[in-house]
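For reference, the structure discussed in these notes is given below.
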Amino acid sequence: MSGIGDIPMPPGFRYKKVYARGRPRHAKTDAFRIRHPRMTLRRRAKLFAPFDALRGFSGAVAAKNVQYERKRVLNEEDLAELDRRMRILLALTGTGPLARQNRVRVSITWYVPCQDPDHEAFGVLGSCQTLTGICLGRDPLLPRILRVGEARIPFDDIYGIEAEGGLFEEGGPDPEEGL
C-alpha cells in the first residue's frame, strides 16, 4: 500500500491510477508545452504574494490606535538632573571628532508631537519615544538639537537620558571640573 506524502492512501481512492502514473512529462516540442510554457519562479512568486487592495490602509488604521498624551512638564529636581546629565554628555560629545572618539551610547526618552494631519491629536498631543544609539553631540547648525544616530532631538522635548557604564551616576565625572 503506497501513500500520498506522509498519509497512507485510503482504500478505494478514486485517483489511484492517476497518482500511480506520476507527474506528466512533456517534450519541449510537445503541443501542450508550447501552449503552456513553464512559469518562471519570479512570476510564480507573484501568485502567492500578499495582496493589499487599499495600499496603506492597514498602516492608517494602526496609526489611529496610538495613545497620545499631553507634553509632560518636568519638576525642578528632574530638570536639574537632566541638565547635569546633558552637560556631562555634551562635554564628552561636544565636537564631531570628540564624539567619534568617545562613542557614548545613550538611551534618550523624548516627546514626539503627533505627525498625522488626519488625527485629532495633530498639533495638540504627542507620544513618548525612546531611542538607543551613539550620541553625536549637538547639531552644528541648530545648537539646541541633540544628534543620536540619524535622529535629531530638540533639547526642550527630552525627558530623560541614560548611558551605559554608569556615566551619569553620582560621583561620576563633573563637566565643571573637566573630564
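Here residue 84 fulfils each of the conditions (1) over 26 Å from residue 65 (Cα atoms); (2) loosely packed, with under 15 Cβ neighbours inside 10 Å apart from (2). Surrounded by 10 or more Cβ atoms within 10 Å (Cβ to Cβ), aliphatic (A, V, I, L, M) and under 30 Å from residue 167 (Cα atoms): does that describe residue 125? No, not satisfied.
Listed by first and then second residue, the pairs with beta-carbon distance under 8 Å, at least 6 apart or on different chains, first residue in the stretch 78-91 and in contact (Cβ under 8 Å) with a residue 12 or more places away in the chain, second surrounded by fewer than 17 Cβ atoms within 10 Å (Cβ to Cβ) and part of a helix (DSSP H, G or I), are 86/155.
No value in this document is a laboratory result; all are computed from the given coordinates. The shown structure was predicted, so the numbers you read here are calculated from the model rather than taken from an experiment. FYI the Cβ positions are ideal-geometry reconstructions off the backbone, even for glycines, and counts take in every protein chain you see.
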